[in-house]
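Report on the structure given below.
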Amino acid sequence: MVNARCFEGLVREFKGRTPRSKKLIERAKRVLPGGETRSITYYSPYPVSITSAIGPIITDSDGNNYIDILNNYTSLVHGHAFGPVVDTAVAAASEGIVYPAPHEAQLDLAEHLIERHPTAEKIRFTNSGTEAALLAIRIAQAVTGRDRLVLFEGGYHGSAPLISGPHPQVIRVPFNDAAALEAALDDTIAAVLFEPCLGVGGVIPADREFVRALRSHTHKVGALLVADEVQTLRASYGGATELYGLEADLVIMAKLIGGGYPIGAVGGPAQHLRILDQSEPGAIAHSGTFNGHLVSARAGLTALEHLTKSAIENMNASTEKLANQIEISGRAHGLPVTVTRFGSMMHVHLQEMRPTQAAHVTPDSTDVAALHLALLLEGIFAAPRGLVALSTALTDIQLELIATGYDRAFARLAT
Ligand SMILES: Cc1ncc(COP(=O)(O)O)c(C=O)c1O
């Protein structure tokens, strides 16, 4: 679709606008492999380096401004430096930063999550979504006395070997395929890890029918159903679990529940989480220097308190409108643009087919890289692979500027 001359032109213009970012990455390469420290944020020729970010605006080291439509991969649901979160975090830092003992802020956040999420009757905190996924797996293995896991193709639960690559304990099945799931399940499976909408995998929502089958098939073989709501919690007050009327056995949360600070959590019924109760014989030991961190707990609660039902509805409505605008504008330029959406997340695919499984998503290509560079040149900060996650910080004017930015980026690709 994008010819070589067009792509080279985009790279040249990008390099012309970002000399300081280039200098920084060259310096970084001397001490950090590849010059960065988070694989998903790397792109060619080099990622821009950020010097500040306030509300929905990111500024890079060359003074270029971008409207942020990624929001640290969904974790900054109110945008950057959100006043109430900054105030709470500064206060928490001045009260001690982190304590080696239980404290009220953990309790307040746990109570809020329990009030909010249908699956959570008790909560255990970790430092990341990855750790929460691994802990949920340990709980499921302990509860069932089984080892093996079922995960979905294109599903993402973190960067640990057990859950990220091929692993002898793990069977991967196609998403939205009830028959394949049923065939993979037997009485050796401890848990099925399930994103109600594949996030990193391309924002592909689960079919309602598939969710019903998932619940009944897991019940049949006695495997625990673990809902990964690390990204989807933002879709409604009680997350995607509430939207689907799902009865999960455990839930994993992270990202936005820390208000932008590192956090993770596992929620579930008392009967499953009691395995972590250190006053009981045979409890699982689960420690972490920063578990239940004071700053993350306070900042997270503040962010969640501002993520009201109406804030969510507004964000979802803005995302729906923007998704339609982007698809219409891409098609008007003669490009095969298909936008998938779930709540306030969407993915801009450069393909005709609307994907319902990860295998339907065209692998990373020059076209995808070209759209990302063109968006940066138009002042829009999206994910290199096409993920978009809006924030409550965006004004109507900025939402229109995003639609215009996509239109202009598509025009660059179509020439
Ligand atoms: C659905 C999902 N689960 C788990 C994780 C892992 O979370 P973390 O990056 O905090 O380890 C991610 C991160 O992108 C995610 O999107």
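Readers should treat all values here as calculations from the given coordinates under stated rules, not as data from a laboratory. The shown structure was predicted, so the numbers you read here are calculated from the model rather than taken from an experiment. No Cβ is skipped: glycine too gets one built from the backbone with ideal geometry, and neighbour counts run over all protein chains shown.
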DSSP beta bridges in the stretch 83-306: the antiparallel percent, rounded to 5, is 45
So what's the angle, to the nearest 10 degrees on a 0 to 90 scale, between helix 366-377 and the longest Cα principal axis of the chain? 70
For the stretch 148-196 and the stretch 64-128, compute the distance between their C-alpha centroids and round to whole Å. 29
Using +1 at the Cβ of each Lys and Arg and -1 at the Cβ of each Asp and Glu in the stretch 83-306, identify which of L135, H286, A183 lies farthest towards the dipole's positive end. A183
Near the amide H of H349, under 5 Å away, which other amide H atoms are found, from residues 5 or more places off or on another chain, if H is placed in the peptide plane? T338, V339, T340
Let me check against my output: what whole-number percent is the relative contact order of the stretch 83-306, with C-alpha pairs under 8 Å and at least 6 apart? 31
Do you know the relative contact order of the chain, to the nearest whole percent, from alpha carbon pairs under 8 angstrom that are 6+ apart? 22
Going residue by residue through the stretch 231-240, the Karplus relation 6.51 cos²θ - 1.76 cosθ + 1.60 with θ = phi - 60° gives ³J(HN,Hα) values, rounded to whole Hz and with x marking Gly or Pro, of 9, 7, 4, 6, 5, 7, 4, x, x, 5
Where does helix 104-116 land angle-wise versus the long Cα axis of the chain, in degrees 0 to 90, nearest 10? 80
Kindly provide the GluC sites (Glu not before Pro) of the stretch 215-256 that DSSP labels as loop, not H, G, I, E or B, and whose Cβ sees at most 12 other Cβ atoms within 10 Å. E247
For the chain, the longest principal axis of the Cα atoms and the Cα long axis of helix 19-29 enclose an angle in degrees, to the nearest 10, of 40
Students often forget the sequence filter, so: which lysines lie under 28 Å Cα-Cα from K23 once same-chain residues fewer than 8 apart are removed? K15
Could you please report the charge total around A358, scoring K, R as +1 and D, E as -1 over all other residues with beta-carbon less than 15 angstrom from its beta-carbon? -3
Rank these for me by crowding, T289, T74, going from fewest to most other beta carbons within 10 Å. T289, T74
Give me the net charge of H293's neighbourhood, meaning all other residues with Cβ under 14 Å from the Cβ of H293; Lys, Arg count +1, Asp, Glu -1. -2
Can you sort M1, M353, M346 from fewest to most other Cβ atoms within 10 Å of each residue's own Cβ? M353, M1, M346
What residues have an amide H closer than 5 Å to that of I380, excluding those fewer than 5 places away on the same chain, when H is modeled at 1.01 Å from N in the peptide plane? I67
From fewest to most C-beta neighbours within 10 Å, the residues C6, C197 line up as C6, C197
For the stretch 24-105: relative contact order, % (alpha-carbon pairs under 8 angstrom, 6 or more apart): 16
Rounded to the nearest 5, what % of DSSP beta bridges with both residues in the chain are antiparallel? 65
